[in-house]
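Right, one structure below, let's go through it.
Just so you know, all these numbers are worked out from the coordinates, no wet-lab data involved. Since the model is a prediction, treat every value here as computed from it, not as a measurement. So basically every Cβ, Gly included, is an ideal-geometry build from the backbone, and we count neighbours across all protein chains shown.
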Amino acid sequence: MTNTPLRADCARCAALCCVALGFETSSLFAFRKRAHCVCPHLTADDRCGIHASREAAGMGGCVRYDCLGAGQVVTALFSASWREEPAMLEVFDKVRALHELIELLVTAEQLPLDAEGEHTRGELLRGLDRRGGWSLETLADLDLPEKTRLVHGFLRSLSGSVAGTG
Ligand code: SF4
């Protein structure tokens, strides 16, 4: 169980991934885009100008991408668009990374953790998965590198603490 939406709701997002994310030319992206630069396919009303033909246009990476709900959460924290409030993009980067940590901990619930492992998982999750959500102030205070270190350290430790495994 989580208090955090972990799936994108693009209808409630200001197209943050189309601006915040960077990508390299590959089989998934037809061109290189730097992070925090606007995709040339984004229209003035923040819609994808090639939405129905993204695969055919070589932008299959956009079809597959999921911000894990960060987009709609960040959009709701601001009263204007990233066009007026570019700080939104940095907040999106942080919330996306935060949601990735939460999803890792939620997924770890499927593992046969021993009691200590489950306790630690719950403690870490409660520190990230706030009932009522995050505000700009609480997000600013969030030490994400430290939380990332703790979550990754916990997950690495599971090879020794998962019940019934070697
Ligand atoms: S191609 Fe469309 S979905 Fe992909 S980044 Fe550009 S505007 Fe967004």
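Which pairs turn up if I take residues in region 44-57 that are closer than 18 Å to CYS13 by Cβ and look for partners that are more than 7 Å from the ligand (Cβ to nearest atom) and assigned to a helix (DSSP H, G or I) with beta carbon separation below 8 Å, at least 6 apart in sequence or on another chain?
Note: pairs meeting the criteria are ARG54/GLY60; ARG54/VAL63.
I'd like the full set of residues that are at positive phi and within 11 Å of the ligand (Cβ to nearest atom), limited to region 20-69. Break it down stepwise before answering.
Taking region 20-69 and keeping what is at positive phi, we get 36, 46, 58, 68-69.
Across region 20-69, the qualifying residues are ASP46, GLY58.
Kindly evaluate LEU150 against the criterion of being more than 17 Å from the chain's Cα centre (by Cα), surrounded by 11 or more Cβ atoms within 10 Å (Cβ to Cβ) and either in a loop (DSSP other than H, G, I, E, B) or without any contact (Cβ under 8 Å) to a residue 40 or more places away in the chain (or both).
Working: more than 17 Å from the chain's Cα centre (by Cα): yes; surrounded by 11 or more Cβ atoms within 10 Å (Cβ to Cβ): yes; either in a loop (DSSP other than H, G, I, E, B) or without any contact (Cβ under 8 Å) to a residue 40 or more places away in the chain (or both): yes.
Yes: the conditions hold for LEU150.
Say whether the condition of being crowded, with 18+ Cβ neighbours inside 10 Å, over 18 Å from the mean Cα position of the chain (by Cα) and under 28 Å from LEU139 (Cα atoms) is met by at least one residue in region 37-49.
Yes, some residue in region 37-49 is crowded, with 18+ Cβ neighbours inside 10 Å, over 18 Å from the mean Cα position of the chain (by Cα) and under 28 Å from LEU139 (Cα atoms).
Select from region 50-65 the residues that are buried (at least 18 other Cβ atoms within 10 Å of the Cβ) and closer than 30 Å to GLY132 by Cα and list them in ascending order.
CYS62
Among residues belonging to region 115-136 that are in a helix (DSSP H, G or I) and among the acidic types (Asp, Glu), point out the one that is farthest from ALA87 (Cα to Cα). If you could, list the steps in order and put the result at the bottom.
Taking region 115-136 and keeping what is in a helix (DSSP H, G or I), we get 115-128, 136.
Those still in the list that are among the acidic types (Asp, Glu) too: 116, 118, 123.
Values: GLU116: 39, GLU118: 36, GLU123: 30 Å.
Filtering region 115-136 for residues that are in a helix (DSSP H, G or I) and among the acidic types (Asp, Glu), the one farthest from ALA87 (Cα to Cα) comes out as GLU116.
Counting just the residues of region 66-112 that are of a type in the set (Ser, Thr, Tyr) and surrounded by fewer than 15 Cβ atoms within 10 Å (Cβ to Cβ), which one comes out farthest from HIS152 (Cα to Cα)?
From region 66-112, those of a type in the set (Ser, Thr, Tyr) are 75, 79, 81, 107; that's our starting set.
Filter once more, so that each one left must be surrounded by fewer than 15 Cβ atoms within 10 Å (Cβ to Cβ): 79, 107.
Numbers: SER79: 34, THR107: 13 Å.
Looking at the filtered set, the residue picked out is SER79.
Let's see how each residue does on (1) closer than 30 Å to GLU118 by Cβ; (2) touching a Lys or Arg at 6+ places or on another chain (Cβ under 6 Å); (3) among the small types (Gly, Ala, Ser):
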{"position": "ARG34", "(1), (2), (3)": "no, no, no"}
{"position": "ARG54", "(1), (2), (3)": "no, no, no"}
{"position": "ALA57", "(1), (2), (3)": "no, no, yes"}
{"position": "LEU77", "(1), (2), (3)": "no, no, no"}
{"position": "GLU103", "(1), (2), (3)": "yes, no, no"}
